[in-house]
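The values are calculated or read from the model by the stated rules, or taken from the named source; none is laboratory data. Computed from a predicted structure; not experimentally measured. Note: ideal-geometry Cβ built from the backbone for every residue, glycine included; neighbour counts use all protein chains shown. Only protein heavy atoms, including side chains, enter the accessible area calculation; ligands, DNA and RNA are left aside. Shrake-Rupley method; radii C 1.70, N 1.55, O 1.52, S 1.80 Å.
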Amino acid sequence: MHTAAPPTANRRRRNLILAAIATLVVLATYAITTTLTASAADTLISQGKPATSSSDENAGTPASAAFDGNTTGTRWSSAFSDPQWIRVDLGQTATISQVKLYWEAAYATAFQIQTSPDGNTWTNVYSTTTSTGGTQTLNVTGSGRYVRMNGTARATGYGYSLYEFQVYGSFGGTNPSSGPCNTAANAAQGKAADASSTENAGTPASSAVDGNGGTRWSSAASDPQWLRVDLGSVQSICQVTINWEAAYATAFQIQTSTDNTNWTTIKTVTGGTGGNQVLSGLSGSGRWIRVYGTARATQWGYSIWELIVNTGGSGPTSTSPSASPSASPSTTPSGPQLPGGGDLGANVIVFDPSQSSATIQAKLDQIFTQQEQNQFGTERYQFLFKPGSYSGLNAQIGFYTSINGLGQNPQDVQIHGDITVDAGWMAGNATQNFWRSAENLSIYPVSGVDRWAVAQAAPFRRIDVHGGMTLASPNCGWASGGYIADSRVSGNINPCSQQQWFTRDSTIGSWNGSVWNMVFSGVQGAPGNSFPNPPYTTLGTSPVTQEKPYLYADASGYKVFVPSLRTNSSGATWINGNTPGTSLPLDQFYVAKPGVSAATLNQAVAQGLNLLFTPGVYHLGSTVNINRAGTVVLGLGYATIVADNGALPMAVGDVDGVKIASLLFDAGPTNSPALLQVGPNGATGNHAGAPNLISDVFLRVGGAGAAKVTNALVVNNNNTIIDHIWSWRADHGAGAGWTSNPSDTGLIVNGQNVTAYGLFVEHFQKYNVIWNGNGGKTIFFQNELPYDPPSAAAWSHDGITGYAAYKVSNNVTSHEAWGMGSYCVFTTDESIAAYHSYETPVNANVKFHDILTVSLGKGSITHVINDTGDAALPSAVTPHNVVNFP
């Protein structure tokens, strides 16, 4: 494995005009900050403050442009959809008396002005459905640290567009915890300064505190970097202003220290937009202060024209960071700063086109021989193919093995050969071919047809197959899969014996064959909707999607690509050019290895790093809290997180845009409340513009040993996208038994407007899925009821035998689901007759389409949904269908 070093680049030249402009900006900073602090009510308090938005139309229309003081030249504009929002962080709680909106032609006809103390809970202080745009002056009464415009209806086909968003009010002229803030004097000017690095001799640390807006400090082009100032004595810090050069930080902390060794973070910023950044309302003390950058906006280093530090009062040092513009407060970094990037470990195996086919094939065969039958072992492997062409290969993929291309697009890696999953180890029965994957490469099959005979938790993503596919073993033995997304298959796909299959946002030549439940969402070339004869459920587009983040490499090294959000999508994202999205260099990730503690992972997240789990098994005895908006958590080679000591191993805050992908969560022998919780209980944030994404996340209770968890996956955050999960209470393997791997529910959805694709949820002891939130959508559901209830009496509630596989709660008034299959095989007591597989309130806006039940020869299901549908009996292994309900 080799990671190329970043290429040396010639630094941009500066000119005197830029320097002169920068000097004027710095002088203006003093005037503005002094005026804002001294003025009474009805003072403009939003200009230059950190701003974020649900979306930006392009890089030239960022949220910051609505708070830069320019009411006619620069603007923020959003994506072309509803709802959208823009918000400003005032730095501390303010009394709000007036808001002025300077609309561009693309204005809102309906919107609210909202305030919040924490960026999560919002209160309307103004609402309209009859806006006519132009310049609007709105007199309001309210208070909050955050103020936002929440647009719900647009006047045009474009997004929302504001030249300027002005908030007027007052802070009372004091720092809440430390008395008057002296913004007239820069405590850092002329003081001793140093830095983690300097770009060259002409950009020293001292240039950022010399009072000259035409000189600057700039760092080396890597993360993290810091600029430190010795104030000479312990001071109380109330405000910091950073005048960024074009090479600014998107994520950084302001830190203080009394001994120049132990550092306390008093402000954390993510989603920074540069410019003249005023951070007011700070509370902390120290002799040393530093700007600690963790993510850069450009390929260059960090560059600051001037750092202004204002002091006042004698308030206590804060031990936790202030809330960032788009995130709930997260754990303060403690201990030494953690590095980003690094090697990917011994179980990531990288191939290069310069290697011989024989060498590559030998390694592939070695790992497959080990993993072919290793269903519950601890070994984990990731194959990575560098861009180029490879010939004469047959990559057979066993348990806990992933094969990925390292190009930005699938065509960059060409496998002239096969990537194969077969079931020779089970005489052609593919129903246990779990936990393996292929991603981001092209296949040119030797015979013209590639074989991918898999069951659950075996995604086939971003693959370009130049030919056809078959989804079962040569003898068409039993098969129970499966999932394809963001792929192109030029030929025919033959599912053969697959009971069910889900294909999303792909392009195929044709599809020929079905058993019980074949579902297509946004698939170009899919067969027409014809359920139940044949059982094809076809949706022309997928309502809202975001493809899984993936690892790739270029000349500068490894990166993670985060695809953009799409609405009403169809077809693969990469066919007509690069997948739209954002690239994150590996040095913005903490590269985790087995043995790492939850405390270290929490420190990495608080420090501004994303998380990359290398292949292996991770035992976590406490919770990893993902409380920073936009954090990416990505696994390689089926990295597995085990809940130790009854811990909830991972929890997400009520924040925007967190991505959790390619991880396997394992319950431990002590009961945990959940294995993954997305959002706190009672989460209220609207994340429509930047949903949380749960993609290729697999949750297991037993099989690898005795295990207990109450609810495997709990989704509390609104607008979350679930894209392919398998939540499985083991029916075989170690610890599989009614009392040895107890678990109530595989998935609980409490959030509003949650969209789920590819739900595989099986064998839980009560409801397999409970959906409590309104506005939910599920496209494809596969379920087996638990095999092992000891008796009907032991598995009954409220006078009903059994629990439904999919339960929509009685208070839900809107929900829709397509393509759902639930099966029974009661091996312990074959006389059990479950009452139904789907349970729902009867409401015109709660809709089910193309749903079915099957008895696999042991036990029965009396109805399909509520009291509707005939009985699935063991005498005939055939589907019992309901096309629409109600």
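What to note about this one:
- For the stretch 65-90 and the stretch 692-724, distance of Cα centres in Å: 36
- The solvent-accessible area of residue 478, taken with every protein chain present and a 1.4 Å probe, is close to 140 Å².
- Solvent-free Debye calculation, one equal scatterer per alpha-carbon of the stretch 469-618: log10 I(q)/I(0) at 0.13, 0.17, 0.19 Å⁻¹ equals -0.76, -0.98, -1.06.
- If you look at the Cα atoms of the stretch 671-783, you get an Rg and a Dmax of 13.8, 43 Å.
- Axial C-alpha extent at least 27 Å, average Kyte-Doolittle at least -0.5 - helices from the chain (DSSP): 16-38
- Under the Debye formula (equal points on every Cα, no solvent term), log10 I(q)/I(0) of the stretch 218-278 at q = 0.20 Å⁻¹: -0.92
- Estimated from the Cβ-Cβ distance and a Förster radius of 35 angstrom, the FRET efficiency linking residue 447 and residue 576 is about 0.75.
- When you restrict to C-alpha pairs under 8 Å that are six or more residues apart and normalise by the size of the chain, the relative contact order lands at 7 percent.
- Förster radius 30 Å - calculated FRET efficiency between residue 567 and residue 100, Cβ distance, rounded to 0.05: 0.45
- Label positions at residue 556 and residue 299, each projected 7 Å from the Cα along the C-beta direction, are separated by 0.6 nm.
- The gain in end-to-end length when the residue 831 to residue 732 segment is fully stretched comes to 33.5 nm, 0.36 nm per residue minus the alpha carbon separation.
- CD proxy at 222 nm, helix term only [per DSSP H run n ≥ 4: -39500 (n - 2.57); per residue of the chain; nearest 500]: -2000 deg cm²/dmol
- Counting 0.36 nm for each residue step from residue 884 to residue 868 and taking away their Cα separation leaves a gain of 4.7 nm.
- For the stretch 736-751 versus the stretch 493-530, the inter-centroid distance based on Cα atoms is 30 Å.
- Translational diffusion of the stretch 418-504, µm² s⁻¹ [Kirkwood Rh, Cα pairs; Stokes-Einstein; 25 °C; 0.890 mPa s]: 197
- Accessible-area composition of the chain, carbon plus sulfur, in percent [1.4 Å probe]: 51
- Cα-Cα over 22 Å, subset of 593/659; 766/807; 100/267; 708/766; 49/191: 100/267; 49/191
- The chain: translational diffusion in µm²/s, Stokes-Einstein, Kirkwood Rh over Cα pairs, 20 °C, 1.002 mPa s: 75
- Label zone of residue 152 (point 7 Å out along Cα→Cβ, amide N under 16 Å): in the stretch 72-116 this covers 82-86, 108-115.
- Computed lengthening from residue 71 to residue 220, 0.36 nm per intervening residue step minus Cα-Cα distance: 50.0 nm
- Per residue, the chain exposes an accessible area of 32 Å² to a 1.4 Å probe, with every protein chain left in place.
- The fraction of Cα-Cα pairs per 10 angstrom bin, counted from 0 for the stretch 841-886, comes to 31, 46, 19, 3 percent, rounded to whole percents.
- On the beta carbon distance between residue 510 and residue 416, with R0 = 30 Å, the FRET formula returns roughly 0.80.
- Each residue, residue 524 and residue 875, gets one label point 7 Å from its Cα in the Cβ direction; the gap between the two is 5.0 nm.
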